[in-house]
Structures are given as C-alpha cells and as structure tokens.
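Coordinate-derived values only; no laboratory data. Owing to the predicted nature of the structure, the values given are computational and were not obtained by experimental measurement.
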Amino acid sequence: MPNEPRRPVPNAQFGMIAVGVDAWNLTGDHRGIGRYVRAILAEWRSAFADRIGVTLIVPEWHTWTVAHRYRAEAGGDFRVRSRRLHGSSDLDVLWFPFNGPSWDGFSLPSVATLHDASPFVRPEYTEADRATFRRAARRCRTIITDSEFSKTELARELHVAASRITAIPLGIGAPLPLQPVALDVAALGPFVLFVGENDPRKGLDTLIEALTRLQGAGISLPLVVAGTSTIGSRALIEGAHCRLHALGHIDDATLAALYRACAVFVYPSHYEGFGLPVLEAMSYGAPVIASSAAGIPEAGGEAAAYVPPGDGPALAQALRRVTGDESLAAAMRERGYARAREMPWRKTAERTLAVLEKAAE
C-alpha cells in the first residue's frame, strides 16, 4: 500500500529510536510552529538519520489519500500512519509539537512541545485553547518549551514540576540567497520593518506612536508592515500619522529582501515565548530593536537593543539612536550575524532528539 514504509522501521533495539510525530496541522500551519516542525524534521533527516526514524501520525483513517500531502509538507519520504493505528506501528515514543496532544487515545511514552503559556496569561484565549496544554501536563512524560521564561510560566500555570520541562531555544536556518522580487524595495528608502500578525500583543501601536513622535521632531522614517492584519490593526494602520506601507502577506523571498534592506527591524511584542523573527532578521543583517518582555531577550541575546514593552518614548529614542549612527548600526549587524550563527536549527533538533530518547527509555 502507498502509505507503507519505504525503508525498514527503526527500533531502539537496533540503536535507533522510532518516533511518531503528531502531524495533524502540518499541512495548515506555515507560520511559526509549522516552520519549527519542518526545520526539525529536515535536520533529523539530514544529520541524524542513524539515530531516528520518523512516522507522521495523522487524523485521517484513509492515509493513502493524504500521505503525499503530508510528505510534501514534511519534506521527506516519511511513513504516514493514522492515529488509530499508531499503537501497532512499532513506535518507541510520540512527539506532539503543535502545543500538546491533538487526541487523547494513546498509551505510548510521549513528549509535547508547548511553545509558551500565552493561553493562560493573555485575555484573548479561552479554556478550550488551554485543553491541549492541560492534556500534555496530564499525559506526557516531558514537556519541551522554547525558553527559560516559558518554562517558568508553564510550570506555574500547569502546576507541574519544573524538572518535567526542558527549555530548548529555537534555531535559524541559512538565509535565502539573493533573488529578484516583484516589490521595488529600493524605492522604499531607509525604512523601519515590522513583521508579524498584527494582533494587540505584537505592539504595533507602540511602534506607530514612536515613529509619530519622531516625525513630530522632524525625523521621518517610513514604516513597512509585513503580515496579515486583524480588524483592529487595520484601523490602527489606516489611522496612523506616520508614513506607512502595509504589504499584507508576502512570500519568503520578499521578506528576505526586506530584512536585508531595512534600516532597522523592530519587534515590540508584549509577550512571546521566544521571538523567532528577531533571529531571522539578524541572520539577514538587520539591526534589531526589541521589547525586553518575556522570552524575547533569550532570542536576541546581547545582539539586540531592548526597550520596555509599550514604551513609545523609549522606542522613539532607540530608533533615533540606531538610525542616526551608522557605526552603531554596523556593530549591531555584526553582533546579529554572530548571534544567528550561534543558534542553528541543528542544535535545536539534536537537543529535541535527546529528550525523546530519554522519554523512550
């Protein structure tokens, strides 16, 4: 049958571990968590094939009709099995990377990645959003999270011992090569870049306030906003009193061109488990100003300039300093390159594999 393994199923007794990866959202998530899963699968396939064999566990019963889609998204010729058959698939351990188990009917040793505690501390979430987190705390041997900050938050909110939680920082891949894009990036001039879904916690309002202050002081810096918008953020963008270009969703090549060209990348979020765009911007040579909130400093390290979350005047001052001093901006670029080199996806994948191996013992 088309969904059967293309190579022998690995097993711990042969020096390898057989891992079932809960892939239920792999075809639908092309943002942060989806990119995290794809990056780790790619590293396991290329660098750790002698230690791990992966089976994608999916909700569909008739896997032969969907296996090609999951393999395409995962970037490899992985075995695909229905969750109904996971117990008879010669697996050693299950990994739930999408913020906890998507189903409850499993008995194998398991590990869940919970990326942050936002469903418990942000007002926009409901009890339904917390269900998979509580299931992970109840059912999984180990929880992985993205930062020491999130480890502390999750231990408190889920009432679990910190010893059950392992903080593994996210990583970054190699920058995309230079390539032509449809957007005339050069025509934007020296600009400030904001990337992300523009929900209230992302701090776009603080950035607009800071740029409006600078404009009132005679310093006009255009803002480029890349990412999908909510109704509230569209109103915020339309009412902005600074020069602003709202691009909406863009492809990876255009994003890479914006990172390379921007005068500064700003990440003013109020709450993040890690802050992967900070590392991504650094990998392309963008000076980074970020909020000092939550797990963001664990992403940027000493390479970013930090301001308190929600502090428009402080952000305006930081923008004035970085964009007005080319030697400072150049030094930040170099520190950013070094920071990105310190945190490859391979390191994240190897540490995640070690946790799975331990859980399977």
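Tabulated values for the structure
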item	result
For the stretch 185-342: relative contact order, % (alpha-carbon pairs under 8 angstrom, 6 or more apart)	24 percent
The chain, relative contact order in percent, only Cα pairs under 8 angstrom and at least six apart counted	16 percent
Centroid-to-centroid separation of the stretch 73-121 and the stretch 317-361 [C-alpha atoms, Å]	28 Å
Within straight-line cross-link reach of LYS347, lysines at Cα separation under 16 Å, skipping those fewer than 8 residues along the same chain	none
Highest-MSF residue in the chain out of PRO313, PRO109, PRO123 [GNM, Cα springs under 10 Å]	PRO123
Integer Hz, Karplus 6.51/-1.76/1.60 couplings in order for the stretch 170-187, x for Gly and Pro	6, x, 9, x, 5, x, 5, x, 4, 7, x, 10, 5, 5, 7, 5, 4, 5
Helical mean residue ellipticity (222 nm; -39500 (n - 2.57) per DSSP H run of 4+; nearest 500) of the chain	-11500 deg cm²/dmol
Prolate/oblate/rounded call for the stretch 185-342, Cα gyration tensor, a/c under 1.5 rounded	rounded
Gaussian network model of the chain, springs between alpha carbon atoms under 10 Å - residue of ALA174, ALA281, ALA136 with greatest fluctuation	ALA174
Built amide H within the under 5 Å cut-off of ILE17, gap 5+	ILE52, GLY53
Interchain or long-range residues, amide H under 5 Å from ALA167's placed H	THR145
